[in-house]
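Here the structure comes first, spelled out in structure tokens, and everything after it is commentary.
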Amino acid sequence: IPDETFPPKIEGADEQLRQICMDKAHSIYGDPLPPLVQERLETELNSIISNGYAVLYIIAQKLVWKSVADGYLVGSRGSVGSSFAANMAGITEVNSLPPHYVCPNCKYSDFDSELVKSFAMEEASGCDMPDMNCPKCGTLMHKDGHDIPFQTFLGFEGDKEPDIDLNFSGEYQSKAHDYTEVIFGKGQTFRAGTIGTLADKTAFGFVKRYYEERGIHKRNCEIDRIVQGCVGVRRTTGQHPGGIVVLPIGEEIYSFTPVQRPANDMTTSTVTTHFDYHSIDHNLLKLDILGHQDPTMIRMLQDLTGLDPVNDIPLDSPEVMSLFQNTSALGITPDDIGGCKLGALGIPEFGTDFAMQMLLDAKPKYFSDLVRIAGLAHGTDVWLGNAKDLIDDGICTLKSVIGCRDDIMVYLLHKGLRPKLAFTIMESVRKGKGLKDEWIPEMKENGVEDWYIESCKKIKYMFPKAHAVAYVMMAIRIAWFKVHEPQYYYCMFFSIRCDAYDIETMIKGEQSIRKKMQEIDFKLHDNAQKKDVTKKDKDTYNTLELALEMTLRGYYFANIDLMRSASRDFIVDPERPNYIIPPFTSIDGLGESVADTVVEARKNGAFLSKEDLQRRTALSGTLIKKLESMGVLEGLQEENQMSLF
């Protein structure tokens, strides 16, 4: 494999990127640009273009713009949101400038008033600031800026390899993959291949069974020795969930890797690199076009309500923020819902037991607090045994602990460390490599506290702030629908986010739901039954928890309806807006393809009898009986009764 890199080329990429970014900046901040905006954008563009990364930005820009044009928002992952140029190019929604106001009408901006500076000093986000009317034209100003340094993305000298990871809707991911072929041409893109290797437990099973079958007795130490020789041996091949490798025009893929069908499946049209993509990622560009549920959820809510999730939904709603503190915005009490003290159930990133316990411990009040919590929750050895103890012991607050990797560099620069060293320490800590002994004296000389140094040593992985901001923006939007458009929010949640249902229980209402939850809870805590608890039991409990919350808020499940239920999505009953009609697929064992046959058959008229229903659809006798037991088939006659009539 050659040593050098072979990035794809797009004619005029440098000029395109500069033009796109400048046009967008002028449309928001006016012309001429405020000095801070001009300086940041010029610095970034010069670094990006001089290091040959403009092509990467243009590729990402084309993919994101195409998805948005087709109606699907795109979430950014990783540190790309640290780049203001990426924000201006439309690659990420995250604005990495310091907190500021900007008037959408006359383009007046405020980066340096005393109020704005006070929020910047607190490392707040722009949306934490109070509403303000433009002093020039009286228009309500837009609040933005999350104060993220660009160096997190490209380094102080532009020498850090950039990585643009994008979260497309799971429904749209395959179209985004196909669009890469439109950009680069047929035969220039390949799915990134992976190699599945033998894990230690599997290897142990192989070795033990080998000797048992042959009646050979071996000591454990000898078995362990043989196992160690087997671990890591290639077992199968597969494909990266979103990786696309791009071959520059004029190059042969065989100069870098053979290609193959994954797992030797010759029926698939997918072609992957034969070598694991890590073996060639220093040679060829790999795009990460990942599938994610959040953009799918936002798209469904947009379709159901007609609201624009970017322009119609504020990121600073007090009612939405209260969900992360109590249940008041839902109109219910923790006692009503069985002790759940927050309204964050079903909110992405914040609805798990672990995240909700963090919310209770940290008591967030602002958007920026949620960003810190998202960073703490996604890190390894960052919260438990580290930041939580520091907060509990009163040594520091949520604002002063290390929440995201960027916090380390910003804090060390503030203390007076050399920029290159501050960046190097951040990179070492966030990768779990800790602190080198020679760095600690300089840190102490500059007034870095002992607790901060010890905290750095414990960290195994740290989340980028830009990624945390992108996640929180999506979460806040979905939470807004939960507060203000509950029936549509619950339709979306049960359609997309649930892994298991007990639809019969949910249809029967509050008491039935409570009883089922108690049964599962008893199994979870009863030692005799604990081992019998399945993943489905736990997933069903989570679904019922939100179903109970919905019911207590005055919204209910109607029964499945042969003539109105959708195949796989929950829908609002147009005649009773506080009722939600479940889809056919919410029934155990009834798959989407069978559900589609019912939806298709009813276009030709109502079902006259159970036999007529079974004849015109792919429903089995077992499913017909299931529907009958649920009362779905009431009013349908038996065939012999029909003929008599």
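Please specify each residue of the stretch 576-611 satisfying the condition of being of a type outside the set (K, R) and under 13 Å from Q487 (Cβ atoms). Don't jump to the end; show me each part of the working.
Of all residues in the stretch 576-611, those of a type outside the set (K, R) come to 577-601, 604-609, 611.
Selection gives P577, N578, Y579, I580, I581.
Consider the stretch 412-457. How many of its residues are hydroxyl-bearing (S, T, Y) and either more than 34 Å from the chain's Cα centre (by Cα) or surrounded by 19 or more Cβ atoms within 10 Å (Cβ to Cβ) (or both)?
The qualifying residues number 2.
Restricting to the stretch 27-60, name every residue that is at pLDDT below 95, among the polar types (S, T, N, Q) and surrounded by 14 or more Cβ atoms within 10 Å (Cβ to Cβ).
Passing the criteria: T43, S47, N51.
Where in the stretch 283-365 are there helices (runs of 4 or more DSSP H), lying wholly inside it, with at least 2 residues that are polar (S, T, N, Q) and touching a residue at least 60 places away in the same chain (Cβ under 8 Å)?
By residue number, 293-305.
I need the full set of residues from the stretch 165-176 which are open to solvent by 20 Å² or more (accessible area, probe 1.4 Å), touching a residue at least 60 places away in the same chain (Cβ under 8 Å) and closer than 26 Å to P7 by Cα, in order please.
Those that are open to solvent by 20 Å² or more (accessible area, probe 1.4 Å), touching a residue at least 60 places away in the same chain (Cβ under 8 Å) and closer than 26 Å to P7 by Cα: D165, Q173, K175.
Pick from the stretch 112-140 the residues that are assigned to a helix (DSSP H, G or I), of a type in the set (G, A, S) and touching a residue at least 24 places away in the same chain (Cβ under 8 Å): which of them is most open to solvent (accessible area, probe 1.4 Å)?
Taking the stretch 112-140 first, the residues assigned to a helix (DSSP H, G or I) are 114-121, 126-128.
Retained after the next criterion (residues that are of a type in the set (G, A, S)): 118, 120, 126.
Of the ones still in play, those that are also touching a residue at least 24 places away in the same chain (Cβ under 8 Å) are 120, 126.
Working: A120: 33, G126: 0 Å².
That would be A120.
Does T296 fit the bill of being touching a helix residue (DSSP H, G or I) at 6+ places or on another chain (Cβ under 9 Å), under 30 Å from V246 (Cα atoms) and of a type in the set (S, T, Y)?
yes
For the stretch 140-195, which positions are of a type in the set (F, W, Y) and closer than 15 Å to P464 by Cα?
Residues satisfying the conditions are F150, F153.
For the structure I just gave you, tell me whether T152 is at negative phi and open to solvent by less than 10 Å² (accessible area, probe 1.4 Å).
Yes; evaluated as a whole, the condition is true for this residue.
Pairs needed: first member in the stretch 429-444, over 21 Å from G379 (Cβ atoms); second member anywhere, open to solvent by less than 70 Å² (accessible area, probe 1.4 Å) and not aromatic (F, W, Y); C-beta distance under 9 Å; at least 6 residues apart or different chains.
Filtered contacts from the stretch 429-444: I440/V448; I440/I453; E442/L417; E442/L421; E442/V448; K444/I453.
Kindly provide the set of residues from the stretch 309-330 that are open to solvent by less than 70 Å² (accessible area, probe 1.4 Å) and within 23 Å of T551 (Cβ to Cβ), ordered by number.
Once the filter is applied, which keeps residues that are open to solvent by less than 70 Å² (accessible area, probe 1.4 Å) and within 23 Å of T551 (Cβ to Cβ), the stretch 309-330 yields V320, S322, L323, F324, N326, T327, A329, L330.
Which of the residues spanning the stretch 256-280 are outside any loop (DSSP other than H, G, I, E, B) and either on the phi > 0 side of the Ramachandran plot or open to solvent by 60 Å² or more (accessible area, probe 1.4 Å) (or both)?
The answer is A263, N264, H278.
Quick check: is even one residue across the stretch 381-402 more than 27 Å from D128 (Cβ to Cβ), open to solvent by 40 Å² or more (accessible area, probe 1.4 Å) and either in contact with a Phe, Trp or Tyr (Cβ under 8 Å, 6 or more places away or on another chain) or of a type in the set (D, E) (or both)?
Yes.
Among the residues of the stretch 94-109, are any touching a residue at least 12 places away in the same chain (Cβ under 8 Å), polar (S, T, N, Q) and under 30 Å from K431 (Cα atoms)? Quick ask: steps written out before the conclusion?
Residues of the stretch 94-109 touching a residue at least 12 places away in the same chain (Cβ under 8 Å): 94-109.
Next, from what is left, pick out any that are polar (S, T, N, Q): 95-96, 105, 109.
Narrowing the set further to residues that are under 30 Å from K431 (Cα atoms) leaves 95-96.
Yes, the stretch 94-109 contains at least one residue that is touching a residue at least 12 places away in the same chain (Cβ under 8 Å), polar (S, T, N, Q) and under 30 Å from K431 (Cα atoms).
Mind checking which helices (runs of 4 or more DSSP H) fall wholly inside the stretch 471-568 and carry at least 3 residues that are farther than 30 Å from H146 by Cα and free of Cβ contacts under 8 Å to residues at least 60 places away in the same chain?
Those helices (runs of 4 or more DSSP H) span 510-525, 527-530, 535-552.
Note down all Cβ pairs under 8 Å where the first residue falls in the stretch 611-631 and is assigned to a helix (DSSP H, G or I), the second is among the basic types (K, R), and they're at least six residues apart or on different chains.
Filtered contacts from the stretch 611-631: I624/K610; E628/K610.
For the stretch 351-380, which positions are of a type in the set (S, T, N, Q) and open to solvent by 20 Å² or more (accessible area, probe 1.4 Å)?
Within the stretch 351-380, T352, Q357, T380 qualify.
Consider only pairs whose beta carbons are under 7 Å apart and that are at least six residues apart or on different chains; among these, list those whose first residue lies in the stretch 587-604 and is of a type in the set (A, V, I, L, M, F, W, C) and whose second residue is in a helix (DSSP H, G or I) and surrounded by 16 or more Cβ atoms within 10 Å (Cβ to Cβ).
I587/I503; I587/K626; L590/F584; L590/L623; A595/F584; A595/T585; V598/F584; A601/R616
Exactly one condition in (1) closer than 23 Å to F354 by Cα; (2) of a type outside the set (A, V, I, L, M, F, W, C); (3) open to solvent by 60 Å² or more (accessible area, probe 1.4 Å) is not met by K515; state its number.
That leaves (1) as the condition not met.
Report the residue count in the stretch 569-580 for those that are of a type in the set (A, V, I, L, M, F, W, C) and either in a loop (DSSP other than H, G, I, E, B) or open to solvent by 60 Å² or more (accessible area, probe 1.4 Å) (or both).
Of the residues in that region, 1 qualify.
Going residue by residue through the stretch 179-190, is there one that turns out to be under 30 Å from Y366 (Cα atoms) and within 24 Å of the chain's Cα centre (by Cα)? Reasoning before the result, please.
Our first condition is that a residue be under 30 Å from Y366 (Cα atoms); within the stretch 179-190, this holds for none.
Taking every residue of the stretch 179-190 in turn, none turns out to be under 30 Å from Y366 (Cα atoms) and within 24 Å of the chain's Cα centre (by Cα).
Tell me which residues, restricted to the stretch 188-223, are in a loop (DSSP other than H, G, I, E, B), free of Cβ contacts under 8 Å to residues at least 40 places away in the same chain and open to solvent by less than 80 Å² (accessible area, probe 1.4 Å).
L198, A199, G215, I216, K218
Quickly run through the stretch 289-304 and pick out the residues that are open to solvent by 10 Å² or more (accessible area, probe 1.4 Å) and touching a Gly at 6+ places or on another chain (Cβ under 7 Å).
Answer for the stretch 289-304, where residues must be open to solvent by 10 Å² or more (accessible area, probe 1.4 Å) and touching a Gly at 6+ places or on another chain (Cβ under 7 Å): L290, G291, H292, Q293, T296, R299.
Look through the stretch 1-26, keep the residues that are of a type in the set (K, R) and either assigned to a loop (DSSP other than H, G, I, E, B) or buried (at least 17 other Cβ atoms within 10 Å of the Cβ) (or both), and return whichever of them is modelled with the highest pLDDT.
The residue in question is R18.
The values are calculated or read from the model by the stated rules, or taken from the named source; none is laboratory data. As the structure is a prediction and not an experimental result, all values here were calculated from the model. Heads up, the Cβs are rebuilt from the backbone with ideal geometry, glycines too, and the neighbour counts pull from every protein chain shown. Quick note on the areas: whole protein, heavy atoms, side chains included, nothing else; ligands and nucleic acids left out. Shrake-Rupley method; radii C 1.70, N 1.55, O 1.52, S 1.80 Å.
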